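Asks: Here it is, the structure, as structure tokens.
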Amino acid sequence: MSKGVGIYEVLNVDRDAFREMVLRRLVWSIPAEYAAHIADCISDLVAQDVRETASPVFWSDGDVGYGIGRVMMKKLGIEV
């Protein structure tokens, strides 16, 4: 990845669209108003995780779910 190329460019997705993917995953188990705040806070970290662990071309919603889990585990101090 060349310097200056953003996470979302590498994943070929708009930040807002990626945030919505994170939000959709979170609202399954968290009230929407909380999920929106959490999605705002972790979307960049989740995108970075997806960039590091999945194909930048063939990543999916499932990769986003795993990324959310890994980010939250790290935030909670749980070994990943």
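Asks: Of the residues that make up the stretch 20-32, is at least one part of a helix (DSSP H, G or I) and more than 14 Å from the chain's Cα centre (by Cα)?
Replies: Yes: one or more hits.
Asks: Let me ask you something else. If you check G4, G69, G62, which single one turns out to be loosely packed, with under 11 Cβ neighbours inside 10 Å and at pLDDT 95 or above?
Replies: G62
The values are calculated or read from the model by the stated rules, or taken from the named source; none is laboratory data. Remember, predicted model here, so these are calculated numbers, not experimental data. Because the Cβ atoms are built from the backbone with ideal geometry, glycine has one as well, and the counts that use them run over all protein chains shown.
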